[in-house]
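Just below is one structure, and these are the notes that go with it.
Just so you know, all these numbers are worked out from the coordinates, no wet-lab data involved. Values in this document were obtained by computation on a predicted structure and should not be read as measured data. Note that we place each Cβ from the backbone using ideal geometry, even for glycine, and neighbour counts take in every protein chain shown.
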């Protein structure tokens, strides 16, 4: 599955590991994605969102369902 935030579109960044002997190998910094139930266009959906969007309030979490009481 792609490491992309559904709100801001943030993706992994790429760079190099550099050892003490200056050997260079490619590496990547992944996005901190969380699976969240959120209100999207009036419906409750499970979306993958980065933690930065959750903290900043760009995601409206869905209220937990309460069981029906007879």
Being exposed (fewer than 10 other Cβ atoms within 10 Å of the Cβ), in a loop (DSSP other than H, G, I, E, B) and on the phi < 0 side of the Ramachandran plot is the filter here, so list the residues in region 3-22 that pass it.
19, 20, 21
Cβ-Cβ distance below 8 Å, separation of 6 or more or different chains: which pairs start in region 36-47 with a residue that is touching a residue at least 40 places away in the same chain (Cβ under 8 Å) and on the phi < 0 side of the Ramachandran plot and end on one that is part of a strand (DSSP E or B) and surrounded by 11 or more Cβ atoms within 10 Å (Cβ to Cβ)?
47/36; 47/38; 47/40
If residue 55 passes every condition in (1) surrounded by fewer than 13 Cβ atoms within 10 Å (Cβ to Cβ); (2) in a loop (DSSP other than H, G, I, E, B) but one, which one does it miss?
(2)
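When you scan region 23-31, do you find a residue that is assigned to a strand (DSSP E or B) and out of contact with any strand residue (DSSP E or B) (no Cβ under 7 Å at 6 or more places or on another chain), even just one?
Checked region 23-31: no residue is assigned to a strand (DSSP E or B) and out of contact with any strand residue (DSSP E or B) (no Cβ under 7 Å at 6 or more places or on another chain).
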